[in-house]
1. When you look at residue 278, is it surrounded by fewer than 22 Cβ atoms within 10 Å (Cβ to Cβ), of a type in the set (D, E, K, R) and touching a residue at least 60 places away in the same chain (Cβ under 8 Å), yes or no?
2. Right, residue 254: buried (at least 16 other Cβ atoms within 10 Å of the Cβ), part of a helix (DSSP H, G or I) and touching a residue at least 40 places away in the same chain (Cβ under 8 Å) or not?
3. Please go through the range 215-249 and pick out each residue that is free of Cβ contacts under 8 Å to residues at least 60 places away in the same chain and among the aliphatic types (A, V, I, L, M).
4. Which numbered condition trips up residue 122, out of (1) in a helix (DSSP H, G or I); (2) touching a Phe, Trp or Tyr at 6+ places or on another chain (Cβ under 9 Å)?
5. Condition first: crowded, with 22+ Cβ neighbours inside 10 Å and β-branched (Val, Ile, Thr). Now tell me which residues in the range 316-336 satisfy that.
6. Answer with yes or no whether residue 387 is in contact (Cβ under 8 Å) with a residue 24 or more places away in the chain and more than 30 Å from residue 270 (Cβ to Cβ).
7. Please give the number of the condition residue 31 fails out of (1) within 16 Å of residue 200 (Cβ to Cβ); (2) crowded, with 24+ Cβ neighbours inside 10 Å; (3) β-branched (Val, Ile, Thr).
Amino acid sequence: MVGLSIISVKFVAIGLTKELAGIYNSSYGYVQVFAILADFGLYAVAVREVSKATDKSKVLGALITLRTIILTLSFSCALLIVWILPQWHGTALPVSVLITSMVPIFTLFAGIVRTCFQVEYNMQYVFLAEVTQRILSTAMIGALIFMGVRASSDTAHLHFMLYAGAAGALLLFAISLYYGNRLIPLRPTIDKALMKSLFLQAAPFGVAYFCLALYRHFDMTLIALLREDFEIQNAYYGFILRMADVGFLLPTYLLNSMLPTLSAKDSKGEDTRVLLGKTFSALLLIGITALLFSLMWSRPLVSMLTTEQYLSTALRPGSDTALRLVSLPMFLNGIIIYSFYVLLNRHNWQALVPRLAVAAICSIVMNIILIPKLGFVGAAYTSIAVHVLLAVILFPKAVAEMPFTLTRRFAKDFAIYTLVLLAGLWLFRPLLLTSLSTLIGLAAMSIIIVATGWFCKLHKSLL
């Protein structure tokens, strides 16, 4: 999935002008906010409630009905707003958002169906659906590139690329529906009492997820609202956020996989400190790897994954500037998401929601102040400040709620891993003059990472 996403970013950067690439990125940034609002915390509640339900089909059916209602309301608002705002009249953004909205709609329906795979531990179907989706979308966008489309200013090419994402999302939903129905019968259920109970359980976390959306994804929309050159700004910034999503999504996938086991153990009163310690150790390794690569190799990575025109110059910041700035948020995100899931497991929304609300308010205020002056650089500075704030106010609460065990051996091995990775990145950096040399460098660093992990026996600390 990561590899295919990176290839699709490269294709979009090659195929469209900066202005249309900015519209492409702005469309996805805009719908992400409403997608998280539409999720409303139902996915997290679904995993917990379906895993312990005696009638799994009925509970899942009620969740499907709730998902349909909330999703319809959320995206009706999204489309209404994008069409009526005067800042976007005469731009390609409204039509692009209309097309892009199909991606989260199908993805959210697939997500609620995915509960079947998670509670039954049949994650191979998730692999099949996700990878097949990315193959289709990337192949469709790649077809334009192989037909000779380069730096196109034709909105038809932009719309085709957006339709490619929608086609992939539809395939994701179709595969998920087919295999999910074989595990748990999927029938929409209208049980008012059950739906009310699920809604009330999800509501606090729906608010929490919405606050998360505001500090994670709303900055691109604010750039589109506050800057006349938003297409160029979001061209530089948007591709970096797509790359940074890798650093954001890996911890989320890990924690989603861990949550059913954690919930089961915790509900039985079993000791969860070792499980949580191993999970947190994995998050630290993912985070430090993302941070160091983004910080040390920002310029060669951007050059390889987009084109030379997205690099910074003496006169303006570029995508490599943004990648260096978001490296710290990528590391801190694992700590924040870990804290989020721990409090989610304990259903402690009283501690979670106010802290996320403070972060969301700080994010909006700082972005409104900094974006008009600094553009995407101001948004990146805001992201750093907000992630530091959240790590400070959330992590201690999560540890107090559910302590974990972290061994001295892991602390020593983590330090060795970090130093070896830093040294390798520093030594190879002067040699990364072309995309081919960067690929070779990535292959070499992969070998170093595996060898260092094996030498330090990190796999024994995690398994």
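The values are calculated or read from the model by the stated rules, or taken from the named source; none is laboratory data. Everything numeric in this text was worked out from a predicted model, so none of it was measured. Neighbour counts are summed over all protein chains in view; Cβ atoms, including those assigned to glycine, are modelled from backbone coordinates with ideal geometry.
1. Against the criterion (surrounded by fewer than 22 Cβ atoms within 10 Å (Cβ to Cβ), of a type in the set (D, E, K, R) and touching a residue at least 60 places away in the same chain (Cβ under 8 Å)), residue 278 qualifies.
2. Details: buried (at least 16 other Cβ atoms within 10 Å of the Cβ): yes; part of a helix (DSSP H, G or I): yes; touching a residue at least 40 places away in the same chain (Cβ under 8 Å): no.
Against the criterion (buried (at least 16 other Cβ atoms within 10 Å of the Cβ), part of a helix (DSSP H, G or I) and touching a residue at least 40 places away in the same chain (Cβ under 8 Å)), residue 254 does not qualify.
3. Matches in the range 215-249: 249 only.
4. Checking residue 122 against (1) in a helix (DSSP H, G or I); (2) touching a Phe, Trp or Tyr at 6+ places or on another chain (Cβ under 9 Å), the one that fails is (1).
5. The answer is 326, 336.
6. yes
7. (1)
Yes/no matrix, rows are residues, columns are (1) modelled with pLDDT under 95; (2) crowded, with 17+ Cβ neighbours inside 10 Å; (3) more than 26 Å from the chain's Cα centre (by Cα):
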| site | (1), (2), (3) |
| --- | --- |
| 378 | no, yes, no |
| 382 | no, yes, no |
| 387 | no, yes, no |
| 391 | no, yes, no |
| 401 | yes, no, no |
| 413 | yes, yes, yes |
| 421 | no, yes, no |
